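See structure below.
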Amino acid sequence: MSGDSTDSERPAENTSEERFRALFESIDQGFCVMQMHFDADGNAIDYAFVEANAAFEQQTGLVGAVGQRVSALVPNLDESWFRIYGSVAKTGKSVRFENHAPAMNRWFDVLALRAGDAKSGRVALLFSDITERKRVEAALVQSEAALRKSEERHRLVARATNDVVWDWDLHTGHLEWSASVLEHFGCDAHSLGTHIVGWIGRIHPDDRDRVVEGIHAAIREGKESWSDEYRFRRQDETYASFLDRGYIARDASGEATRMIGSMLNLTERRRAEDALREADRRKDEFLAVLAHELRNPLAPVRTAVHLMGRSGASPEVVERARQVIDRQVSHMARLIDDLLDVSRITRGILELKSERCDLRTLVLQTAEDYRGNLEEAGLEVAIRDPGAPVWVQGDPTRLTQMVGNLLHNATRFTPAGGKVTVSVALDVDRVLAQVSVEDTGVGIEPGLLARLFDPFSQAEQGLARSKGGLGLGLALTKGLAELQGGSVTAHSDGAQQGSCFTLRLPLIDPPGAKSDVEAVKKPDGLRVVVIEDNEDAAEMLAELLAFSGHQVKVALDGRQGIDVVRAFRPQVVISDLGLPGHTDGYAVAGALRADPAVAPALMIALSGYAQDEDRRRSREAGFHEHLAKPPDLAALESMLASVPREV
């Protein structure tokens, strides 16, 4: 297998979350996820809506329900709903039932499943509004005489519901179907036949005896109704699952004369149930892999810290330990960044800084950056240079990241002694730039190629697991390529046949002459205040800044930080956002920006939260820049270099 994928991976054309959401937006059943609320005795007393598809509002009439509690939306909702959903959340046993909601004046056919583990308190629902069917059924269970007088009305009602409605004369065996059979069975009522024998013949052989015996037993035992779930053969010879309910009409002597019922197509529901189970399984697998991958770097970090703390440790030992910590922290930071990037792409909120780029230069530089890693792994590196600039419109940082992901992937899945070839070229029509990373590695099984770019997955092979990773690199590369108008594909002739990944981007016209860029000055001689409640983190950052020639003061809370800034008058303030007490980082920024004596200082927010919403909020508070923890030191140096030096 070749690919930055791991054995929890299930790739497809779109990301799993996109497929998952598209599925539930396409079905006509309502779907929602609810957060249950319990009292001190463990009784369910309310629930809030966490997610809902488009059919939810149509089925329930509840507008803007996500984020609200049902007690606010439906004040008089019957408590039976709470008892049922509370039991599902606690026991994990799924329940399907029909229930009337008088406060909403509706009937619902509901499947309730627990979403997550017992501690989550979440329940997922698939449901249908069966109010109209209940009205139909209520009308159909009237006496035979009343039904015969309203045949036309019965046919009109049957047309109004999407279910298949049938009417069976128990004396003659004559069977009538509603027009909806065409949609559900793929044929008209005439093709189905007008006798009960034709209907029975289409029931799946494994279900047939049970269904027939159930009907006879209901009639024989004087029951008012019968119901069963079975598979029914469609016109195309495939089987679909239906929930069938029939109501028995009897004459004055109690003899059964007629049976009228409706068949609910469960095909979409079955797909939705399977998707829920698959999503839950994939979630559990991914969390297990994530925990494993985040714990792995912690072991060498802890050992390195222990070595550095031992008395008598030689400078060589300390330096090796420092290098271990640096590598492992960088690895963890990359895992977290990949997670955030995939999440942003999935939600459509990733921002690109697009500009005119020479793709050739970016690829050659990236290949040279990775050459050491490739050669250290025992791989030969070949670069095919087109010899001329290849201009594209894109984000240079992201383009470098994409090529790096493909090279990292080749390194992981090509054994020592193999070869990796990096090529930059134009397609035959000279409208696309092509970057190919070809290896002689373990190859890709044919069945995996179609699922290769799905996030949160790993190939189902022992080698992939041994290489580790979250299976995000290829998914991230695909998402970034598509955001920039391009694509990425994979090819392999099979196991042990190597693989080739090709990135394609639209070409643009070459640029005109550009003015020289002024060289960046070395960021020395600044006064800097670091406000950070984690003393170790504050001291390490202060020492690093001091090593670069800056004068640094440290404050461990927001109130102290404001006082230090006003006394020290720094040119730069680096502040954590989550500070203890009433003065957090936002309050620090507000206070300093309101003070003319210190307002000109460059304000840099430092936080473990670094999504677009977090950056927007820090800007609004008065910060000029926003760094994620652990800080990118090169980015920090670049920010400091932009600060004017005092003469």
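Tallying residues that are surrounded by fewer than 21 Cβ atoms within 10 Å (Cβ to Cβ) and outside any strand (DSSP E or B) within the range 350-365 yields 9. When the range 213-226 is filtered for residues that are open to solvent by less than 70 Å² (accessible area, probe 1.4 Å) and not aliphatic (A, V, I, L, M), the ones remaining, listed by number, are Gly214, Gly222, Ser225, Trp226.
Among the residues of the range 230-252, write down those that are on the phi < 0 side of the Ramachandran plot and open to solvent by 60 Å² or more (accessible area, probe 1.4 Å).
Scanning the range 230-252 gives Arg231, Gln235, Asp236, Thr238, Tyr239, Arg250, Ala252.
Do we find a residue being of a type outside the set (Lys, Arg), in a loop (DSSP other than H, G, I, E, B) and open to solvent by 30 Å² or more (accessible area, probe 1.4 Å) anywhere in the range 612-622? No; the residues of the range 612-622 include none that is of a type outside the set (Lys, Arg), in a loop (DSSP other than H, G, I, E, B) and open to solvent by 30 Å² or more (accessible area, probe 1.4 Å). Within the range 528-540, no residue that is on the phi > 0 side of the Ramachandran plot sits with its Cβ atom under 6 Å from a residue that is open to solvent by 80 Å² or more (accessible area, probe 1.4 Å) at 6+ positions apart or across chains. Checking each residue in the range 59-82 for being free of Cβ contacts under 8 Å to residues at least 40 places away in the same chain and either under 21 Å from Arg270 (Cα atoms) or open to solvent by 50 Å² or more (accessible area, probe 1.4 Å) (or both) picks out Val63, Val66, Gly67, Gln68, Arg69, Ser71, Ala72, Pro75, Asn76, Asp78, Glu79. Looking at the range 296-349, which of the residues that are of a type in the set (S, T, N, Q) and in a helix (DSSP H, G or I) is modelled with the lowest pLDDT? Among those residues, the one meeting the criterion is Asn296. Taken together, Arg398, Arg360 contain a single residue that is of a type outside the set (A, V, I, L, M, F, W, C) and either modelled with pLDDT under 90 or in contact with a Leu (Cβ under 6 Å, 6 or more places away or on another chain) (or both), which is Arg398.
When the residues of the range 162-192 are narrowed to those that are out of contact with any Lys or Arg (no Cβ under 8 Å at 6 or more places or on another chain) and among the aliphatic types (A, V, I, L, M), which ends up surrounded by the fewest Cβ atoms within 10 Å (Cβ to Cβ)? If we take residues in the range 162-192 being out of contact with any Lys or Arg (no Cβ under 8 Å at 6 or more places or on another chain) and among the aliphatic types (A, V, I, L, M), then Leu182 is surrounded by the fewest Cβ atoms within 10 Å (Cβ to Cβ). Checked against (1) of a type in the set (Val, Ile, Thr); (2) open to solvent by 60 Å² or more (accessible area, probe 1.4 Å); (3) over 26 Å from the mean Cα position of the chain (by Cα); (4) closer than 17 Å to Gly30 by Cα, Ile45 passes all but condition (4).
Pick from Ser492, Ser466, Ser499: which is at pLDDT below 85 and hydroxyl-bearing (Ser, Thr, Tyr)? Explain how you work it out, then say what you get.
Working: Ser492 fails: at pLDDT below 85; Ser499 fails: at pLDDT below 85.
Going through Ser492, Ser466, Ser499 in turn, just one is at pLDDT below 85 and hydroxyl-bearing (Ser, Thr, Tyr): Ser466.
Among the residues of the range 272-282, none qualifies, meaning not one is modelled with pLDDT under 90, in a strand (DSSP E or B) and surrounded by 14 or more Cβ atoms within 10 Å (Cβ to Cβ). Considering every residue within the range 193-208, establish whether at least one is among the hydroxyl-bearing types (Ser, Thr, Tyr) and surrounded by fewer than 13 Cβ atoms within 10 Å (Cβ to Cβ). Within the range 193-208, not a single residue is among the hydroxyl-bearing types (Ser, Thr, Tyr) and surrounded by fewer than 13 Cβ atoms within 10 Å (Cβ to Cβ). The number of residues in the range 375-405 being more than 17 Å from Leu432 (Cα to Cα), touching a helix residue (DSSP H, G or I) at 6+ places or on another chain (Cβ under 6 Å) and either open to solvent by less than 10 Å² (accessible area, probe 1.4 Å) or in a strand (DSSP E or B) (or both) comes to 4.
The values are calculated or read from the model by the stated rules, or taken from the named source; none is laboratory data. Computed from a prediction, not measured in an experiment: that's the story for all the values here. Please note: Cβ atoms are built from the backbone with ideal geometry, for glycine as well, and neighbour counts cover all protein chains shown. Just so you know, the surface numbers come from the protein's heavy atoms only, side chains and all, with ligands and any DNA or RNA stripped out. Shrake-Rupley method; radii C 1.70, N 1.55, O 1.52, S 1.80 Å.
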